[in-house]
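Reviewing the structure listed below.
The values are calculated or read from the model by the stated rules, or taken from the named source; none is laboratory data. Treat the numbers as computed from the prediction; the structure is a model and nothing was measured. So basically every Cβ, Gly included, is an ideal-geometry build from the backbone, and we count neighbours across all protein chains shown. For the accessible areas, the whole protein counts, side chains as well, though only heavy atoms, and no ligand, DNA or RNA atoms are used. Shrake-Rupley method; radii C 1.70, N 1.55, O 1.52, S 1.80 Å.
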Amino acid sequence: METWNTGIASLLYRPLSGLMPVRLLRLHPGNPGDDLNTEIVSTNLEEADGEYEATSYTWGSPEDPHCMTCNDLKVTIQRNAFEMLNALRMPDEIRTIWIDAICIDQSNIEERASQVSIMHHIYRRAKRVLVWLGKPDEYSYLAMTYAAGLDVPKLLEESKSGGTAATEWDIYTRKSYFFDSGETDSPQYRTLGVALVKFINRPWFNRVWVQQEAALCRQTRVICAEEEVGWDNIYALAWMLLPRSIGLYPDWISDDMNRTLDNIFAIQSIQRRRRRLFADVYLPGKDLPFSPLITYLAHSSRFGATDPRDKLFSLQYFAEDASTWFEVDYGVPWQILYADVARRFLQQGILGFLKNAGRARQKPDGGILPSWVPDFRDGNSRRSIITEHPRWMAGGTKTEMATAYPGKTVGSVHSLPKRHRRRLDLPEEFKSFKDTRKALFQSYASVKCMMSDEIVYLADVLDNPFDIEATRKILRKDLAFIEELEHQTYLNNESATDAYKLTLILSSNHEQDLVDSEYVHDNWDDWTRWLEDSRRGRESMPIWQHSMEASEALQGFRFAMTKHGYFCLVPRATQLHDVVGIFVGYVLGVVLRPWQPPSTRVNGIETREETSNRAEDAEYFELIGDSYIHGMMTNEARCIIEEFNCKHKPTKAQLDATVRTSGSGCGESWTTLGLDGGYSRTLETLGDRLVKLV
């Protein structure tokens, strides 16, 4: 698409110059069926402030492009853009708009970058933003009419705490919900329900750039065919479709619920940004601070982008520190952009980007990406995710903002020795890119680790999530293994079986509150009876099943136990003898895999030493992904290390001294820490060291 109009670019576009220069498109009057006649005019945002309407739409497929007349030249544009312009054209007067596909010379990389850098100004200074959802279908009229009739002020108030003591969960438990209606058997109700979900699943809602485009202008209108509503009506519709807790839509809704929830999340994200910008309207009297880049990146892979670089570039306005981490430059390959941002975060001790890194999270075609580099590309939003609880801080306090003096918890990136470097099949764009940052792909990241232990038991996983017999078989096998353990009491004094069951659900109930053994005793048996009931259905689904679906245990994640007795939930891709660890400043646990440099392999194949110390002796590791480590998610590792001066790989004398200091699990220090003496079994796994990630 970028090259469609290259041949006429010099005639169509004059070089942009001056302060915040832009081009606007004048849509000449016309009736349906008339040729589309337009004109480009050059100006700047100071002169054009409030005199144009900015458009937001999806580029769509490059197939079946259309032609229009612009400055007496034939210009090729995407079909969706052509249909939008036809719909926006007025019958008897000129309409002035801004549309990226035409107002930016898409064949000019430097111009694209310079215009992207002022994009937020373009949308902020528009008289109005027009969101084009695409052509109508059999569902759109019903959905737009329903959205137009919602009690928007009531639903807006319902979706915020308004400064009261209500928790977020309180808000969700009392929210309005479309599928609560008593008319669930009515054909009209079901038709409307299907229409609303189909409508929310339109492609526009999931695009990364619309996060900015729909948020920056007070007057944002949403258009589908002849119907038009305000943005708040769309948010109110999404709020009505958002479930109160973990659960599914009725069986007669056939759409992928994950996709629907991602789009609802995208709408909520836009609304949060509007609340910050227009607090005088949404939250009068409250000053909402902007968030750092790392906060937004955690969800970046949920949104779609034609160009992977836009996952970062689109955040430059909302993340107040974006310029600290990257510059908008479409000449930089996306792989290098991602790796360089990760390197900068590491140097500041900011590890939140690791949620999108690791072999379990990277797409298979990531190819040359080191395991420590995040992959924000499309289709990656639900690969091996553990949703963190606000109270979790496995690696201690996390850092989110860059500082001039990062302190001692920083990571770093270093070049691999030449003998250890991998043979990489570089993409074409790499070969012509001349920059020292290419060396990042033959480098390792050095990260401070405070706990590590080898996995010695790994549970099976389901190939079919609906295979109940396979589910029961996995549970029976795991419980039989646990019943044979030497210690039938877990580190934190829970019974081993209770600890196992809590690990499966991340110690969280269906309301995402942290729970203990009492929750197990109240709900486990109900769940297992439900599994055994041939008449089971979702209408009778026990709350334990909700928690299992939230954790993805037995499906995306599997149970594991380490050499020193940690119970964990680890990514499906985890292998026996991988290592579970905790990084300083990271809220979750991680899974690492020992990596052999090519120089130490035999005929290019990794050698497996006949020793149980392979994990302990490894110099390099690959990051696999996140893990949950039962009883270690609230800074227990750091507390024990500091109390007993734990050392990584202690000598026998050092370990004996540590055990004596700890009172062999019976000393008063454990009471002071608020921990059970069972943690004394893990002392040998604790202690600060640097881990090298390739």
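Select the helices (runs of 4 or more DSSP H) contained entirely in the range 80-145, then report the ones holding at least 3 residues which are in contact with a Phe, Trp or Tyr (Cβ under 6 Å, 6 or more places away or on another chain). Quick ask: steps written out before the conclusion?
Numbers: elements: 100-103, 109-117, 119-124.
Because the criterion is at least 3 residues that are in contact with a Phe, Trp or Tyr (Cβ under 6 Å, 6 or more places away or on another chain), the helices (runs of 4 or more DSSP H) in the range 80-145 that meet it are 109-117.
Give me the residue from the range 7-45 that is among the hydrophobic types (A, V, I, L, M, F, W, C) and assigned to a loop (DSSP other than H, G, I, E, B) and, out of that set, surrounded by the fewest Cβ atoms within 10 Å (Cβ to Cβ). Walk me through it before giving the result.
From the range 7-45, those among the hydrophobic types (A, V, I, L, M, F, W, C) are 8-9, 11-12, 16, 19-20, 22, 24-25, 27, 36, 40-41, 45; that's our starting set.
Pick out the ones that are also assigned to a loop (DSSP other than H, G, I, E, B) and you get 16, 19-20, 36.
Details: 16: 18, 19: 8, 20: 18, 36: 18.
Only one residue fits best here, namely 19.
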Checklist line | Members of the range 46-66 that are outside any helix (DSSP H, G or I), modelled with pLDDT of 95 or more and surrounded by fewer than 17 Cβ atoms within 10 Å (Cβ to Cβ) | finding: 49, 50, 51
Notebook entry, point to check: Is there a residue being buried (at least 18 other Cβ atoms within 10 Å of the Cβ) and more than 19 Å from residue 548 (Cβ to Cβ) anywhere in the range 476-488?
Noted result: no
Check: Name the pairs: first residue in the range 636-650 and under 13 Å from residue 669 (Cα atoms), second residue open to solvent by 50 Å² or more (accessible area, probe 1.4 Å) and among the polar types (S, T, N, Q), Cβ to Cβ under 7 Å, at least 6 apart or on different chains?
Finding: 644/661
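Does residue 338 meet the test of being over 18 Å from the mean Cα position of the chain (by Cα), hydroxyl-bearing (Ser, Thr, Tyr) and either buried (at least 19 other Cβ atoms within 10 Å of the Cβ) or not in a loop (DSSP other than H, G, I, E, B) (or both)?
On the way: over 18 Å from the mean Cα position of the chain (by Cα): no; hydroxyl-bearing (Ser, Thr, Tyr): yes; either buried (at least 19 other Cβ atoms within 10 Å of the Cβ) or not in a loop (DSSP other than H, G, I, E, B) (or both): yes.
So residue 338 fails the test.
Just to check your reading of the model, which residue among 517, 495, 507 is under 16 Å from residue 569 (Cβ atoms) and polar (S, T, N, Q)? Explain how you work it out, then say what you get.
On the way: 517 fails: under 16 Å from residue 569 (Cβ atoms); 495 fails: under 16 Å from residue 569 (Cβ atoms).
So the residue among 517, 495, 507 that is under 16 Å from residue 569 (Cβ atoms) and polar (S, T, N, Q) is 507.
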Next item on the list: List every residue pair whose Cβ atoms lie under 7 Å apart, where the two residues are 6 or more positions apart in sequence or sit on different chains, the first residue falls within the range 97-112 and is buried (at least 19 other Cβ atoms within 10 Å of the Cβ), and the second residue, located anywhere, is hydroxyl-bearing (Ser, Thr, Tyr).
Entry: 97/52; 97/55; 98/52; 98/55; 99/55; 105/13; 112/330
Checklist line | Pairs with Cβ under 9 Å, 6+ apart, first in the range 367-391 and farther than 15 Å from residue 341 by Cα and among the basic types (Lys, Arg), second in a loop (DSSP other than H, G, I, E, B) and at pLDDT below 90 | finding: 383/363
Check: Can you name the residue in the range 423-455 that is polar (S, T, N, Q) and free of Cβ contacts under 8 Å to residues at least 12 places away in the same chain and is also least open to solvent (accessible area, probe 1.4 Å) among such residues?
Finding: 432
Notebook entry, point to check: Restricting the range 318-341 to residues that are within 28 Å of residue 271 (Cα to Cα) and among the small types (Gly, Ala, Ser), which is modelled with the lowest pLDDT?
Noted result: 319
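Are any residues in the range 502-524 in a helix (DSSP H, G or I) and open to solvent by 30 Å² or more (accessible area, probe 1.4 Å), and if so, which ones? Full working, then the answer.
Going through the range 502-524, the residues in a helix (DSSP H, G or I) turn out to be 502-504, 517-524.
Within the range 502-524, 518, 521, 522 meet the criteria.
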Notebook entry, point to check: When the residues of the range 309-327 are filtered to those that are more than 16 Å from residue 213 (Cα to Cα) and open to solvent by 30 Å² or more (accessible area, probe 1.4 Å), which remaining residue is nearest to the chain's Cα centre (by Cα)?
Noted result: 309
